[in-house]
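Trainee: Take a look at the following structure, please.
The values are calculated or read from the model by the stated rules, or taken from the named source; none is laboratory data. Worth saying up front: this structure is predicted, and the values here are computed from it rather than measured. Cβ sites come from the backbone with ideal geometry, for glycine too, and all protein chains shown count toward neighbours. Surface areas here come from the heavy atoms of the whole protein model, side chains and all, with no ligands, DNA or RNA. Shrake-Rupley method; radii C 1.70, N 1.55, O 1.52, S 1.80 Å.
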Amino acid sequence: MAVLFEKTKLLTDKQFHYCPGCNHGIIHRLVAEVIDEMNLDGKVVGVAPVGCSVFAYDYFNCDMYEAAHGRAPAVATGVKRAMGPDTMVFTYQGDGDLASIGTAEIVHAAHRGEKIVTIFVNNAIYGMTGGQMAPTTLIGQKTTTSPYGRDEAWCGAPIKMSEMLAAVPSSYYIERVAVNNTANIVKAKKAIAKAFRYQKEGKGFCMVEVLSTCPTNWGMSPVEAMTWLEENMIPYYPLGVYKDKEAK
(Lines give C-alpha, C1' and ligand atoms only; values in the text may rest on other atoms or scores of the structure.)
Protein backbone atom coordinates (compact mmCIF):
# COMPACT_ATOMS: atom_id res chain seq x y z
CA MET A 1 0.00 0.00 0.00
CA ALA A 2 1.31 3.46 -0.92
CA VAL A 3 2.14 5.79 1.97
CA LEU A 4 0.28 9.06 1.48
CA PHE A 5 1.19 10.77 4.75
CA GLU A 6 3.62 10.03 7.54
CA LYS A 7 5.28 11.74 10.45
CA THR A 8 8.51 13.49 9.57
CA LYS A 9 11.57 11.75 11.00
CA LEU A 10 12.86 15.08 12.30
CA LEU A 11 10.29 14.97 15.12
CA THR A 12 10.67 12.50 17.96
CA ASP A 13 7.84 10.32 19.27
CA LYS A 14 7.59 12.27 22.53
CA GLN A 15 4.15 13.80 23.12
CA PHE A 16 4.04 17.60 23.08
CA HIS A 17 3.51 19.30 26.44
CA TYR A 18 1.79 22.31 24.86
CA CYS A 19 -1.73 23.38 25.82
CA PRO A 20 -4.68 22.34 23.61
CA GLY A 21 -5.00 24.75 20.69
CA CYS A 22 -1.44 26.03 21.00
CA ASN A 23 0.22 26.51 17.62
CA HIS A 24 3.72 25.42 18.69
CA GLY A 25 3.00 21.89 17.46
CA ILE A 26 2.17 23.15 13.97
CA ILE A 27 5.29 25.32 13.85
CA HIS A 28 7.48 22.49 15.12
CA ARG A 29 6.24 20.27 12.34
CA LEU A 30 6.83 22.90 9.66
CA VAL A 31 10.43 23.39 10.78
CA ALA A 32 11.00 19.62 10.95
CA GLU A 33 9.45 19.03 7.53
CA VAL A 34 11.67 21.68 5.95
CA ILE A 35 14.81 20.15 7.48
CA ASP A 36 13.72 16.71 6.31
CA GLU A 37 12.76 17.75 2.78
CA MET A 38 16.01 19.69 2.31
CA ASN A 39 17.99 16.58 3.32
CA LEU A 40 19.66 18.47 6.15
CA ASP A 41 19.35 15.65 8.65
CA GLY A 42 22.63 15.38 10.55
CA LYS A 43 23.66 18.87 9.48
CA VAL A 44 21.34 20.93 11.71
CA VAL A 45 21.76 22.28 15.23
CA GLY A 46 18.86 23.99 17.01
CA VAL A 47 18.91 26.31 20.01
CA ALA A 48 15.95 26.39 22.41
CA PRO A 49 15.72 29.12 25.07
CA VAL A 50 13.52 29.60 28.13
CA GLY A 51 9.79 29.89 27.45
CA CYS A 52 6.99 27.61 26.33
CA SER A 53 9.43 26.01 23.89
CA VAL A 54 11.97 25.26 26.62
CA PHE A 55 11.61 21.52 25.99
CA ALA A 56 12.00 21.78 22.21
CA TYR A 57 15.07 19.56 22.48
CA ASP A 58 12.68 16.71 23.35
CA TYR A 59 10.79 17.12 20.08
CA PHE A 60 13.33 17.94 17.36
CA ASN A 61 15.29 14.89 16.29
CA CYS A 62 18.52 16.81 15.78
CA ASP A 63 21.30 18.18 17.97
CA MET A 64 19.90 20.87 20.29
CA TYR A 65 21.38 23.34 22.74
CA GLU A 66 19.51 24.89 25.67
CA ALA A 67 20.24 28.61 26.06
CA ALA A 68 19.68 30.95 28.96
CA HIS A 69 16.63 33.20 28.67
CA GLY A 70 17.05 35.45 25.63
CA ARG A 71 20.53 34.25 24.76
CA ALA A 72 19.70 31.84 21.93
CA PRO A 73 21.17 34.07 19.17
CA ALA A 74 24.45 34.33 21.11
CA VAL A 75 24.63 30.55 21.53
CA ALA A 76 23.70 30.05 17.87
CA THR A 77 26.46 32.46 16.85
CA GLY A 78 29.02 30.39 18.73
CA VAL A 79 27.74 27.13 17.26
CA LYS A 80 27.78 28.46 13.70
CA ARG A 81 31.25 29.94 13.96
CA ALA A 82 32.69 26.89 15.69
CA MET A 83 31.15 24.26 13.43
CA GLY A 84 31.45 26.11 10.15
CA PRO A 85 29.24 27.08 7.20
CA ASP A 86 28.10 23.54 6.41
CA THR A 87 26.20 23.30 9.70
CA MET A 88 22.70 24.78 9.60
CA VAL A 89 21.82 26.55 12.87
CA PHE A 90 18.40 27.78 13.97
CA THR A 91 16.93 29.34 17.08
CA TYR A 92 13.32 28.79 18.12
CA GLN A 93 12.15 31.69 20.33
CA GLY A 94 8.99 33.18 21.77
CA ASP A 95 8.13 36.87 22.04
CA GLY A 96 8.93 37.15 25.73
CA ASP A 97 12.34 35.62 25.08
CA LEU A 98 13.30 37.33 21.82
CA ALA A 99 11.52 40.68 22.10
CA SER A 100 12.17 41.37 25.79
CA ILE A 101 15.14 39.92 27.65
CA GLY A 102 16.79 38.86 24.40
CA THR A 103 16.40 42.09 22.43
CA ALA A 104 20.11 42.88 22.54
CA GLU A 105 21.12 39.42 21.35
CA ILE A 106 18.74 39.30 18.39
CA VAL A 107 19.48 42.88 17.28
CA HIS A 108 23.23 42.42 17.35
CA ALA A 109 23.08 38.99 15.70
CA ALA A 110 21.21 40.71 12.87
CA HIS A 111 23.69 43.61 12.85
CA ARG A 112 26.59 41.19 12.55
CA GLY A 113 24.79 39.39 9.74
CA GLU A 114 25.12 36.05 11.51
CA LYS A 115 24.25 33.27 9.09
CA ILE A 116 21.56 31.68 11.24
CA VAL A 117 17.79 31.21 11.03
CA THR A 118 15.52 32.47 13.80
CA ILE A 119 11.98 31.15 14.15
CA PHE A 120 10.18 33.82 16.20
CA VAL A 121 6.83 32.72 17.67
CA ASN A 122 4.70 35.74 18.55
CA ASN A 123 1.59 35.03 20.61
CA ALA A 124 1.43 38.49 22.21
CA ILE A 125 1.77 37.24 25.80
CA TYR A 126 4.09 35.49 28.24
CA GLY A 127 2.86 31.90 27.99
CA MET A 128 5.01 29.78 30.28
CA THR A 129 5.06 32.09 33.29
CA GLY A 130 1.33 32.69 33.60
CA GLY A 131 0.10 35.14 31.01
CA GLN A 132 1.81 38.42 31.83
CA MET A 133 1.99 41.33 29.40
CA ALA A 134 4.73 40.92 26.80
CA PRO A 135 6.41 43.56 24.62
CA THR A 136 4.13 42.31 21.83
CA THR A 137 0.85 42.49 23.80
CA LEU A 138 -1.70 44.59 21.90
CA ILE A 139 -3.18 47.86 23.12
CA GLY A 140 -6.23 47.05 25.24
CA GLN A 141 -5.31 43.36 25.54
CA LYS A 142 -5.88 42.02 29.04
CA THR A 143 -3.19 39.99 30.78
CA THR A 144 -2.40 39.10 34.38
CA THR A 145 -0.26 42.23 34.67
CA SER A 146 -2.56 44.44 32.58
CA PRO A 147 -6.00 43.38 33.87
CA TYR A 148 -7.64 46.50 32.41
CA GLY A 149 -5.88 46.15 29.08
CA ARG A 150 -2.51 47.42 27.88
CA ASP A 151 -2.35 51.22 28.16
CA GLU A 152 -0.16 52.81 25.49
CA ALA A 153 0.43 55.96 27.55
CA TRP A 154 1.76 53.83 30.40
CA CYS A 155 3.38 50.87 28.62
CA GLY A 156 4.18 52.13 25.14
CA ALA A 157 3.15 50.55 21.86
CA PRO A 158 3.65 46.84 21.09
CA ILE A 159 7.05 46.24 19.52
CA LYS A 160 7.21 45.18 15.87
CA MET A 161 10.30 43.01 15.61
CA SER A 162 10.09 42.20 11.90
CA GLU A 163 9.90 45.85 10.94
CA MET A 164 12.74 46.73 13.31
CA LEU A 165 15.11 43.96 12.18
CA ALA A 166 14.33 44.60 8.52
CA ALA A 167 15.85 48.06 9.03
CA VAL A 168 19.14 46.53 10.19
CA PRO A 169 21.58 46.75 7.23
CA SER A 170 23.07 43.26 7.64
CA SER A 171 19.82 41.33 7.97
CA TYR A 172 19.10 39.36 4.80
CA TYR A 173 15.57 37.98 4.94
CA ILE A 174 12.69 38.88 7.28
CA GLU A 175 9.11 37.65 6.82
CA ARG A 176 6.03 37.55 9.05
CA VAL A 177 3.59 34.66 8.64
CA ALA A 178 0.74 33.05 10.58
CA VAL A 179 -0.58 29.54 11.11
CA ASN A 180 -4.26 30.31 11.70
CA ASN A 181 -5.55 28.58 8.57
CA THR A 182 -4.41 26.16 5.88
CA ALA A 183 -3.41 28.82 3.35
CA ASN A 184 -1.27 30.65 5.88
CA ILE A 185 0.32 27.41 7.08
CA VAL A 186 1.42 26.68 3.50
CA LYS A 187 2.90 30.20 3.22
CA ALA A 188 4.62 29.78 6.59
CA LYS A 189 6.34 26.61 5.45
CA LYS A 190 7.56 28.30 2.26
CA ALA A 191 9.00 31.16 4.32
CA ILE A 192 10.82 28.76 6.67
CA ALA A 193 12.17 26.82 3.69
CA LYS A 194 13.43 30.02 2.09
CA ALA A 195 15.22 31.03 5.31
CA PHE A 196 17.00 27.67 5.53
CA ARG A 197 17.87 27.81 1.83
CA TYR A 198 19.46 31.22 2.27
CA GLN A 199 21.51 29.93 5.17
CA LYS A 200 22.61 26.91 3.15
CA GLU A 201 23.74 29.32 0.42
CA GLY A 202 25.78 31.29 2.96
CA LYS A 203 23.56 34.37 3.00
CA GLY A 204 23.02 36.62 6.05
CA PHE A 205 20.71 36.69 9.05
CA CYS A 206 17.18 35.36 8.45
CA MET A 207 14.11 35.52 10.68
CA VAL A 208 10.61 34.18 10.18
CA GLU A 209 8.09 35.64 12.62
CA VAL A 210 5.08 33.38 13.15
CA LEU A 211 1.88 34.80 14.64
CA SER A 212 0.51 32.18 17.00
CA THR A 213 -2.32 31.69 19.50
CA CYS A 214 -2.26 31.13 23.25
CA PRO A 215 -5.82 30.00 24.09
CA THR A 216 -5.04 29.22 27.73
CA ASN A 217 -3.63 32.63 28.66
CA TRP A 218 -5.95 34.50 26.33
CA GLY A 219 -8.86 32.83 28.11
CA MET A 220 -10.41 31.55 24.89
CA SER A 221 -11.25 28.31 23.16
CA PRO A 222 -8.86 27.26 20.39
CA VAL A 223 -11.39 28.31 17.74
CA GLU A 224 -11.99 31.69 19.40
CA ALA A 225 -8.24 32.22 19.62
CA MET A 226 -7.78 31.65 15.89
CA THR A 227 -10.49 34.23 15.18
CA TRP A 228 -8.96 36.69 17.64
CA LEU A 229 -5.56 36.36 15.98
CA GLU A 230 -7.05 37.06 12.55
CA GLU A 231 -9.15 40.01 13.71
CA ASN A 232 -6.69 41.64 16.09
CA MET A 233 -3.10 40.50 15.64
CA ILE A 234 -2.83 40.46 11.85
CA PRO A 235 -4.11 44.07 11.44
CA TYR A 236 -1.41 45.29 13.85
CA TYR A 237 1.25 42.82 12.69
CA PRO A 238 0.66 42.64 8.91
CA LEU A 239 1.82 39.48 7.19
CA GLY A 240 4.37 39.59 4.41
CA VAL A 241 8.01 39.92 3.43
CA TYR A 242 9.73 42.83 5.15
CA LYS A 243 13.15 42.25 3.67
CA ASP A 244 14.58 39.94 1.05
CA LYS A 245 17.91 41.00 -0.36
CA GLU A 246 17.81 38.30 -3.02
CA ALA A 247 14.50 39.64 -4.33
CA LYS A 248 16.22 42.92 -5.12
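Trainee: Can you tell me how region 5-88 classifies by the Cα gyration tensor, rounded, prolate or oblate, using a/c under 1.5 as the rounded cut?
Mentor: Oblate is the answer for region 5-88, as a/c is 1.5 or above yet b/c matches or exceeds a/b.
Trainee: In whole Å, largest first, what are the principal axis extents of the Cα atoms in region 99-186?
Mentor: The principal-axis extents, from largest down, are 41, 33, 23 Å.
Trainee: The chain: longest stretch without exposed GluC sites (Glu not before Pro) (DSSP loop, at most 11 other Cβ within 10 Å), sites themselves excluded?
Mentor: 7-200
Trainee: Would you mind getting the accessible area per residue of region 199-248, heavy atoms of the protein chains only, 1.4 Å probe, in Å²?
Mentor: Value for region 199-248: 47 Å² per residue.
Trainee: Per residue of region 169-178, what does 6.51 cos²θ - 1.76 cosθ + 1.60 with θ = phi - 60° give for ³J(HN,Hα)? Whole Hz please, x for Gly and Pro, Karplus curve as stated.
Mentor: 3J(HN,Hα) across region 169-178, in whole Hz: x, 8, 6, 10, 8, 9, 9, 10, 10, 9.
Trainee: Taking the Cα centre of region 148-248 as the origin and placing charges on Cβ (Lys, Arg +1; Asp, Glu -1), which of TRP228, CYS206, ALA188 is farthest toward the positive end of the dipole?
Mentor: Value: CYS206.
Trainee: Just to check I understand the Karplus step: with θ = phi - 60° and J = 6.51 cos²θ - 1.76 cosθ + 1.60, what whole-Hz values come out for region 32-43, glycine and proline as x?
Mentor: Along region 32-43, the couplings run 5, 4, 4, 4, 5, 5, 8, 6, 9, 4, x, 10 Hz.
Trainee: Whole percent per 5 Å bin, from 0 to the bin with the longest distance: what is P(r) over all C-alpha pairs of region 56-151?
Mentor: The distribution over region 56-151 is 3, 13, 21, 21, 16, 11, 8, 5, 2, 1, given as percents.
Trainee: Label region 106-157 by shape, choosing from rounded, prolate and oblate, from the square roots a ≥ b ≥ c of the eigenvalues of the Cα gyration tensor; if a/c is under 1.5 it is rounded, and otherwise prolate applies when a/b is larger than b/c, oblate when it is not.
Mentor: Judged from the Cα gyration tensor, region 106-157 comes out prolate (a/c at least 1.5, a/b above b/c).
Trainee: Dipole of region 102-183, Cα-centred, from +1 at each Lys and Arg C-beta and -1 at each Asp and Glu C-beta, to the nearest 20 debye?
Mentor: Taking the Cα centre of region 102-183 as origin, the dipole is about 80 debye.
Trainee: How are the C-alpha pair distances of the chain spread across 5 Å bins, as whole percents from the shortest bin up?
Mentor: Binned Cα distances yield the sequence 1, 7, 14, 19, 21, 17, 11, 6, 2, 1, 0, 0, 0.
Trainee: I would also like to ask the following. Ignoring ligands, DNA and RNA, what percent of the accessible area of the chain is carbon or sulfur (1.4 Å)?
Mentor: Of the solvent-accessible surface of the chain, carbon and sulfur hold 56 percent.
Trainee: Still on this model: With every protein chain kept in the model, how would you rank ASP151, ASP36 by accessible area, 1.4 Å probe, largest at the top?
Mentor: Highest to lowest solvent-accessible surface, that is ASP151, ASP36.
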